Amino acid sequence: MRPDAPSYDVATVRAQFPALAQTVHGKRLAYLDSAATALKPQAVLNALATAYGRDMANVHRAVHELARRATEGYEAARARVARFLGVADASSVVFTRGTTEALNLVARGWATPRLREGDEILLGELEHHSNLVPWQMVAEATGARLVWVPVPVDGVVRAEDYLERLGARTKLVALTHVSNVLGTVLPVAEIARGARAVGAITVVDGAQAVPHVPVDMTALGCDFYAFGAHKLYGPTGIGVLWGRRERLDEIVPQQGGGEMISIVEREASRFKEVPHRLEAGTPHIAGALGLHAALDWYAGLDQAALHAHEARRLAEATVGVEALGGRVIGAAPGKVAALSFVMEGIHPHDLGTILDHEGVAIRGGHHCAEPLMDALDLEGTARASFGAYNDHEDVAALLRGLERARALFAPSP
Ligand code: PMP
């Protein structure tokens, strides 16, 4: 197995994550669950401490100094997100609680008022429940039909799988940028181009993509893009809905209240422009500042070296798991950062428990993707996922733990 490459200083990266300093069950922590949520670097913890401990005030309201700082910080975070997404217009960035809330906002606020009986929503079997259940709810409310794109057993998703199902009735295509189970990177740009050609909009779930692949809204050509901060080394409870400005303007606000109105009269109110009309109430101010810090921290890593480092971890884990008799689920070329596998005769939850005793954190189950599990005829998988801080020793600990599990579950002679 190859050691860590000298071009990427993983030890320096690890030193910035206080959570990695602990032992778990007396063992060195091997955190291989970043696809569920990433650990947080000190820079993000510092930003949260400053937001709560020094610049604490509500935004967009008072004129006092702390309120000015809080408001400027909050809006600077919005501008930072816009830069991350490669867009010039910061008002096209709406803060939400996370990916799930962002997708639900599009479903409730954009799709439900627009779709009619006979319209079609195209979505893949591989989608996370967050980009699936909201569309079921739209279908239920409007009479629109869900059209499913099957997922091949090798986990390779081709643009044609989507393009051949597009038609005059298609109003919306919902797809993930990166699969949380298979690691497959979907050909979003090609699919979005096809969708546009038939007058459909494209909604992209970027939850798993943002920590691993470049995300540029112009290059992707989608209409909406949703992600949360917490898989990108940022805080929980804060996320983003980016939308083309004309699409965002079409969203019917789902929450009324403070912050989102310009004039309130007894019978009716007038709303502010986006993004504020979609951010009713006191937002997660500290979360936005934490996201800003996470984006700065992340941008400070050499992106090519980081991607190569994560690919190396994935490759060595893949080889190791297969050598131990594990079946790897998902073989898309260029897949990123998530290794799903099954070990014959060992339930993924048992694997998770055995590995936990070795200090190795992985995830076992259906990964909020039950239709995918159905399609692949699996009850669940074990999933090891990789982030900027995972080193060679983490993978070695995983493989040692799997060997132990295999020995424990070996049929007695
Ligand atoms: N989509 C995908 C592909 C995910 O992996 C997740 C997180 N498990 C989500 C959506 C939900 O994201 P959030 O926690 O930001 O709501």
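For residue 239, enumerate residues with amide H under 5 Å from its amide H, sequence gap 5+ or separate chain, H modeled in the peptide plane.
Sorted by chain and number, the residues that satisfy this are 96, 97, 98, 229.
Taking all protein chains together and a probe of 1.4 Å, list 148, 242 from the most accessible to the least accessible. The partial results should precede the final answer.
Details: 148 90, 242 15 Å².
Per-residue accessible area, sorted high to low, gives 148, 242.
In terms of modelled amide H atoms, which long-range or inter-chain residues lie less than 5 Å from the amide H of residue 24?
29
With n ≥ 4 as the cut-off for DSSP H runs, can you work out [θ] at 222 nm for the chain, using -39500 (n - 2.57) per run divided by the number of residues, rounded to the nearest 500?
On the way: 14 runs with 149 residues, N = 413.
So the calculated ellipticity at 222 nm is -11000 deg cm²/dmol.
Between residue 264 and residue 407, what is the spin-label point distance in nm, taking each point 7 Å from the Cα along the Cα→C-beta axis?
6.6 nm
Compute the distance from the alpha-carbon center of region 194-214 to that of region 256-282, in whole Å.
29 Å
What is the angle, in °, between the Cα long axis of helix 188-197 and the longest principal axis of the Cα atoms in the chain? Nearest 10 is fine, range 0 to 90.
Computed tilt is about 40 degrees.
Packing-wise, with mean Cβ within 10 Å as the measure, how do 264-275, 58-69, 163-174 rank, highest first? Numbers along the way, then the final one.
Numbers: 264-275: 12.2, 58-69: 13.8, 163-174: 18.9.
Result, highest mean first: 163-174, 58-69, 264-275.
Would the chain count as rounded, prolate or oblate if I go by the C-alpha gyration tensor, calling it rounded below 1.5 in a/c and otherwise prolate when a/b exceeds b/c, oblate otherwise?
Note, shape of the chain comes out oblate.
Tell me, what % of the accessible area of region 170-221 is carbon and sulfur with a 1.4 angstrom probe?
Working: 760 of 1320 Å².
Reported share for carbon and sulfur atoms: 58 percent.
Taking the solvent-accessible surface of protein heavy atoms with a 1.4 Å probe, what is the per residue accessible area of the chain in Å²?
Per-residue value: 41 Å².
Before anything else, pin down the relative contact order of the chain: Cα pairs under 8 Å, at least 6 apart, normalised by residue count, whole percent. Each step should come with its number before you reach the end.
Details: 832 pairs, mean separation 98.1, N = 413.
Value for the chain: 24 percent.
How about residue 27: which aspartates and glutamates have a C-alpha closer than 18 Å to its C-alpha, ignoring those fewer than 8 places off in the same chain?
356, 358, 391, 393, 394, 403
With the Cα gyration tensor of region 349-413 giving a ≥ b ≥ c as the square roots of its eigenvalues, does the rule (a/c under 1.5 for rounded; else a/b larger than b/c for prolate; else oblate) give rounded, prolate or oblate?
Oblate.
Going by average Cβ neighbours within 10 Å, how do the peptides 243-249, 357-363 rank, with the highest at the top?
357-363, 243-249
Please work out how much length the chain gains when fully extended from residue 344 to residue 168, using 0.36 nm per residue of separation minus the C-alpha to C-alpha distance, in nm with one decimal.
Contour length minus the Cα-Cα distance gives 58.8 nm.
Please enumerate, by chain and number, the aspartates and glutamates with C-alpha under 14 Å from the C-alpha of residue 171, excluding those fewer than 8 residues away in the same chain.
Output for residue 171: 117, 119, 120, 223.
Which distance in Å, rounded to a whole number, links the C-alpha centroids of region 136-168 and region 370-412?
Cα centres, region 136-168 to region 370-412: 30 Å.
Residue 231: which lysines have alpha carbons under 20 Å from its alpha carbon, excluding same-chain residues fewer than 8 sequence positions away?
Those lysines meeting the cut-off are 40, 335.
So if R0 is 41 Å, what FRET efficiency would residue 153 and residue 42 give, r being the distance between their Cβ atoms, rounded to the nearest 0.05?
0.45
Using a 1.4 angstrom probe on the protein heavy atoms only, line up 344, 393, 403 by accessible area, largest first.
344, 403, 393
Taking the Cα centre of the chain as origin, sum charge times position over the Cβ atoms of Lys and Arg (+1) and Asp and Glu (-1), and report the length of that vector in debye to the nearest 20.
My answer is approximately 740 debye.
Name the shape class, rounded, prolate or oblate, that the alpha-carbon gyration tensor gives for region 264-369, where a ≥ b ≥ c are the square roots of its eigenvalues, rounded holds for a/c under 1.5, and otherwise prolate holds if a/b is larger than b/c and oblate otherwise.
It is prolate, given that a/c is not under 1.5 and a/b is the larger ratio.
So what's the angle, to the nearest 10 degrees on a 0 to 90 scale, between helix 42-53 and the longest Cα principal axis of the chain?
Orientation of helix 42-53: about 40 degrees from the principal axis.
Rounding to the nearest 10 and keeping the result within 0 to 90°, find how far the Cα-based axis of helix 133-142 lies from the longest principal axis of the chain.
On a 0 to 90 degree scale, this one is about 40.
Given the chain, what percent of its DSSP beta bridges are antiparallel, to the nearest 5?
Given both bridge residues lie in the chain, the antiparallel proportion sits at roughly 55 percent.
The values are calculated or read from the model by the stated rules, or taken from the named source; none is laboratory data. Note that the coordinates shown come from a computational prediction; the quantities given were computed from them, not determined experimentally. Heads up, the Cβs are rebuilt from the backbone with ideal geometry, glycines too, and the neighbour counts pull from every protein chain shown. Quick note on the areas: whole protein, heavy atoms, side chains included, nothing else; ligands and nucleic acids left out. Shrake-Rupley method; radii C 1.70, N 1.55, O 1.52, S 1.80 Å.
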